[in-house]
Amino acid sequence: MNADLYVPADGWLHRADPRVKLALAALLLILSLALRQTGVIMLALLVEHALLITSKIPLRHIVRIWKMLLPLIAMIVIMWPLFDHTGVNVLLSFGPFVLTEQNLVMAAVMGLRVPALAFACFVLLFTTDQSMLVRGLVALGVPYRIGLTISTSLRYIPEFFAMFSTISQAQQARGLNLKTRKTSLAKRFRAYIPVIIAVLIQGFKMGENVGRAMESRGLGMQGVRRSYYRRLRMRPADWVILVIAMLCAAAVVALAMAI
Amino acid sequence: MTNIIEAHDLSWHYMPLTADGQPVQALDHVSLSVRQGEFLAVTGATGAGKSTLCLALTGLIPSSVDGFIHGQVLVNGDDTNQAAVADIARHVGYVQQEPRAQLFSITVEDEIAFPLENMGVPYDQMDRRITEALNLVSMNEFRRRKPTALSGGQMQRVAIAAALVSEPDVLILDEPTAALDAAGKAEVFAALEAIRRQRPITIVMAEQETDWITQCADRVIVMDEGRIIRQGDPALFADDPELFISNGIELPEACEMAWKLNETEHCTEGANSSGTVDDANGGHAYHFATTDEALRALSNGGLAALGGQQVESHASTVLSAQSPLTSPSMPSMSFASTQSVQAMQPERRDLTNQADQPRQHVRTGQQHSPRRNSPDRQLSSGIAISHLSYSYDDSPALSDVSLSIPSGMFLALLGRNGSGKTTLAKHLNGLLTPTSGSVTVDGLDTSKHPIGVLAQHVSMVFQNPDDQIFCSSVRDEIAFGPKSIGYDADQVQQLTDDAIRQFGLHDLSDAPPATLGYGDRKKVAIASVFAMNSGIIVLDEPTAGLDRAMADQLLGILANLNAQGVTVIIISHNMRAVARICSHAAVLDDGCLLGFDTTRDILTDTALLSKAGCAVPLAVQASLALGVKPHEAALTPGEFAARFVPATRVQSDATQPNSPTPHTGVPR
């Protein structure tokens, strides 16, 4: 099972400097978080998809993320009218659930904010391998240890998924019933507890071993200035991307303020 | 020659495992010196302290591991009590057992670059050094690949390269081949040989693969309970086999063969003389240091009394089993278990009343507690696999596999890593369902029944015991299986007690399994599946990572189960264990079934085994070299000794069958 975050491809975004991509992702995140306008969220989503598709990310990765997010989006859209009762044209109403034209739109926007934020991250994570990510972070001033922690965590995410899958199978082979569809969410979660515990234990042990491996290869050597194998160079194209991104972001903010 | 490593009276205690526990002693006054350029092998039973010693030589103990140290370790002049791990790492490379934990980068290149980066090596030198390191292990063409997409052997070679790129003086390896198949092991040892030829380097390797050690190592130390009990050169295996046997360490095949031959001869002699073992040879008659030496000696008729003459099989202690495809009756050959922990004792024995065994209900463990009333173990009615094909996404894993596994078979699934063994096993309890074809277990089509139901018929243990362990006590862990499949509280209690007794886990029954050593965790994992009381039990590499004594203990329990009619299926690379214990074997290669027959027929088909990447046991090789027909070949050293050490050395014992071969003298 390949649950890697990095998707190797020969795309323009892959070639871009990681610092630019970090900035891009940050801009998209901030815009999606700070602004509520429908247009902004939709624009963010559109831009994110355009970036990924033009950088030759196969559609199935994008679809996979959407599939994972769908339950969360649905939950938000359904729960929104419970708390936001603004709006005049009531479409549906029972008990605390009041659906109006206006808050239906709001619900959709809130729901769509989730993929907007997620894909902002994936614009970075799909196109940047973990070494370049660390390199970019360090070049921006993040201490190496933190950069290493972040990128190693990302590297081991697919490992955790694989572990989870193997452990689920091992536990099912002992009769653990994980496929109950009819019981409540709480019960289903409780059924997974043996798996979660085993994953945590294994994960902890693996973490210890990873740490030892890193130390035994000289991590944290004193009195030495750490060098880097991956080179970073801002090409003219990178500057262009950066400038365009910032201009667009500024324009969006201005428009959003004006409306 | 200077000593590059010196340990002076080193003792290490790990922190207590539980809040109210005692510190666990792992090293006990160890004093050791390693000369520069030496290849030192560290052997010992599971838990003897090999890994701990390796950690102590890298400085990870005491700096990064919680515990208490006494004594001193000097590595290349650095005192591990004072120097930082990173500084010691300039001169010491370390390779762990598990590839996935020590390959944490996104490409092979980055992995090798990491140590160079840490040392501050200038950018323009990095490429060259990375290439050099990768060339040492012949992995340069895999530079851009993701480490986890490689095979086990390849991953460990990358780990070795990463340890070597800093050009250390010492390389410490902790059982680097434990998780690998035969090909992977060969790759790693070949890489180490190549490295030694090109660089002056000191190697310390903890290892259970004693066959390889005899070829590579300059010196061997034997550890037991944290102490070094013996040191010597690899001839130690041949000179003093009892040392290793009594410590539960697996002897190299040739040495085990020699030991068995000597043992049989002394027994035969002793039976004749007046109570005292008359050792006319004044020592061991057989002394093989390597497999080649053994084969040469044995095929030249180096056996006493053979003297180049035709071999005559004496009273065969083995009945040939019927082919499973033509007859559903259980093979009459089975393995008698040893309940106590005795290393190297199990012998193939003939249980002639096997064929009359009741087919349905069998009580478990009846000989020990006649009043106990454990729920009856329902025996299997058989497994039918018909034209099974399976693909993971787009890559085919199994192609048109058909076989029929009748009740009571002890089947080994053989083949390389990636040949489809685990995939096939996972179809047996419905974890995977066929892409095409069908699998029927006890009359149930696996694609039509949930795993929970199939788990009542087939219980499966994965290779890594930590994939299952999650409870806070061994007892709870073992009880989990039977509880999940629906036994009531009383039955669960009985099954749990029975399992704890069978596996000797009584003293540990309240301990948290996650805090136990690897061997005990493995026992708990297998016990917890044993307690599920199913008619079919499947185990993936049950002996991997275990010393010989523990492996034999586990296999003994499985053989006992099998003798009661339970179908046992094991996936194993351990050909010697398979030869000792399995009745049948199925060989997979690249998703296809190459052969399915009795163990004897499979193990003597050397062409088949070679194609599938499996080793041929020495006893088989020796039998065939003697010109014995395949169906009379011996599969284990014990069988070989029993069969081909002639009775002619017994002078006047009337109960021995006559043999026309005269005694021609003892070879030296």
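Brief remarks follow.
- Relative to one another, the C-alpha centroids of region B:136-158 and region A:89-124 are positioned 48 Å apart.
- In this structure, the amide hydrogen of residue A:175, modeled 1.01 Å from its nitrogen in the peptide plane, lies closer than 5 angstrom to no residue at least 5 positions away or on a different chain.
- Region A:1-73 versus region A:235-259: alpha-carbon centroid distance in Å: 17 Å
- Karplus (6.51, -1.76, 1.60) ³J(HN,Hα), θ = phi - 60°, over region B:291-298, in Hz, Gly and Pro reported as x: 4, 4, 4, 4, 4, 4, 5, 6
- Region B:97-104 - phi-based ³J(HN,Hα) in whole Hz, Karplus 6.51/-1.76/1.60, Gly and Pro as x: 6, 9, x, 5, 7, 9, 10, 10
- Convex hull volume per residue in cubic angstrom - Cα atoms of chain A: 171 Å³
- Computed 3J(HN,Hα) for region B:575-592, one whole-Hz value per residue from the Karplus formula 6.51 cos²θ - 1.76 cosθ + 1.60 where θ = phi - 60°, is 5, 5, 5, 4, 5, 6, 10, 8, 8, 9, 9, 10, 10, 10, 9, 6, x, 10, glycine and proline marked x.
- R0 of 60 Å, Cβ-Cβ distance residue A:179-residue B:82: FRET efficiency to nearest 0.05: 0.60
- Pairwise FRET efficiency - residue B:590 versus residue A:142, Cβ, R0 = 30 Å, nearest 0.05: 0.05
- Along principal axes, Cα extents of region B:554-602, largest first, whole Å: 32, 20, 19
- Subtracting the Cα-Cα distance of residue A:192 and residue A:36 from their residue separation scaled by 0.36 nm leaves 52.5 nm.
- Where labels lie 7 Å past Cα in the beta-carbon direction, separation of residue B:493 and residue B:631 in nm: 5.3 nm
- Considering all C-alpha pairs of region A:92-210, those separated by over 17 Å amount to 73%.
- Cα-projected label distance for residue B:18 with residue A:10, points at 7 Å along beta-carbon direction, nm: 6.1 nm
- Seen from a random direction on average, the alpha-carbon convex hull of the protein assembly as shown projects onto 44.7 square nanometres.
- The residues of region A:105-134 occluded by other protein chains by 20 Å² or more of accessible area, set against the chain on its own, are A:130, A:131; surface from heavy atoms, 1.4 Å probe.
- Pairwise FRET efficiency - residue B:11 versus residue A:67, Cβ, R0 = 60 Å, nearest 0.05: 0.60
- Neighbouring Cβ atoms from other chains, within 10 Å of the Cβ of residues in B:76-89, number 3 on average.
- Annotation for the B:A interface, with buried accessible surface near 4900 Å², both sides summed [1.4 Å probe; non-protein components not counted].
- Residues listed by number, region A:179-220, amide nitrogen under 20 Å from residue A:150 label point at 7 Å toward C-beta: A:220
- DSSP-assigned coil residues among trypsin sites (Lys or Arg not before Pro) in region A:153-182, each with at most 13 further Cβ atoms within 10 Å: A:179, A:181, A:182
- Residues within the reach of a label modelled at residue A:259 (point 7 angstrom out along Cα to beta-carbon, backbone nitrogen below 19 Å), restricted to region A:232-249, are A:247-249.
- Projected label points at residue B:611 and residue B:33, each 7 Å from Cα along the beta carbon direction, are separated by 5.6 nanometres.
- Pair-distance distribution of region A:204-259: all C-alpha pairs, bin width 10 Å, starting at 0; shares per bin in whole percent are 17, 20, 18, 19, 20, 6.
- Database remark: amide H of residue B:93 closer than 5 angstrom to the amide H of B:170, B:171, B:172 (H placed geometrically; neighbours at sequence offset of 5 or more, or on other chains; Pro and chain starts carry no H).
- Alpha-carbon Rg/Rh ratio, for region A:25-102, with Rh computed the Kirkwood way: 1.08
- Accessible area of chain A belonging to carbon and sulfur atoms, whole % at 1.4 Å probe: 71 percent
- 10 Å Cβ neighbours from other chains, averaged over peptide B:478-486: 3
- Probing with 1.4 Å while keeping every protein chain in the model, the per residue accessible area of the protein assembly as shown equals 41 Å².
- Shape index of region B:1-138: Rg/Rh, with Rg the Cα radius of gyration and Rh the Kirkwood radius from the inverse mean 1/r over Cα pairs, equals 1.01.
- Kirkwood Rh, Cα atoms: Rg over Rh of region A:152-216: 1.09
The values are calculated or read from the model by the stated rules, or taken from the named source; none is laboratory data. All values derive from a computational prediction rather than experimental measurement. Cβ atoms come from the backbone with ideal geometry, glycine included; neighbour counts cover every protein chain shown. What goes into the accessible areas is simple: the full protein's heavy atoms, side chains included, and nothing from ligands, DNA or RNA. Shrake-Rupley method; radii C 1.70, N 1.55, O 1.52, S 1.80 Å.
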